[in-house]
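Reviewing the structure listed below.
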């Protein structure tokens, strides 16, 4: 009587009987059924984040979004004024702080609302609306580093010595001068900012327009932001990427 191997050879196929038996066993295996998804409404509130700590609702979020848009336009309008004196530089630094802090709230409220139900296209549209505003903010702030570096460092240090408000940004400003060789000219920085429109934050991270090199100073209200989420500056105004908290981690905002 022909063996299994011989039968296989006669058919023009060379297979091992042991291999065939293994494949037969695997063919009967079935994938485990996917677990049923839990309805968020049925989960105890202690396991869910409370976004009312950021905004009471979408109306308040929309007002903050419009305020952020206005502040970004005001920041862009400061271009060409830094050399006028310490008060102009301080205004730019403080306005940049305001933009950075408001950016957190506007982005995280929309982003975390979307994480609650990623099937909601209306909320996803608001999330994308914020991303477009971030691209606008990057372009609106591209002028700052080159314009500041056109002012001699001794002049800026003299301004800081005479103005306590500006002095709190000493490390950020002096460190930018230290990295001067890595900063592009105004046209280069503007071109770099345009690249923001081609980059969409992934599901876990967000590019924040407030994260430019001149924002490395301590926030005027450090308690407003978790230590791990405060703006961090980088070379050439390219923003850092910060992880967004996930609800199942029970992150308190």
Gyration tensor verdict on the range 110-178 (Cα atoms; rounded if a/c is under 1.5, prolate if a/b is larger than b/c, oblate otherwise): prolate
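At R0 = 22 Å, how high is the FRET efficiency between residue 129 and residue 74 if r is their beta carbon distance? Nearest 0.05 is fine.
In this case the efficiency is close to 0.65.
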Got a sec? How would 81, 103 order by Cβ neighbour count within 10 Å, fewest to most? 81, 103
Whole-number value, in Å³ per residue, for the convex hull of the alpha carbons of the range 24-158 is 219 Å³
Where does each of 49, 58 land when they are ranked from fewest to most other beta-carbon atoms within 10 angstrom? 58, 49
Modelled label-to-label distance, residue 63 and residue 178, 7 Å Cα→beta-carbon offset: nm? 4.2 nm
FRET E, pair residue 116, residue 32, Förster distance 22 Å, beta-carbon r, rounded to 0.05: 0.25
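The numbers here are math on the coordinates, done by the rules we state, and not lab data. Computed from a predicted model, the values in this text were never measured in an experiment. FYI the Cβ positions are ideal-geometry reconstructions off the backbone, even for glycines, and counts take in every protein chain you see.
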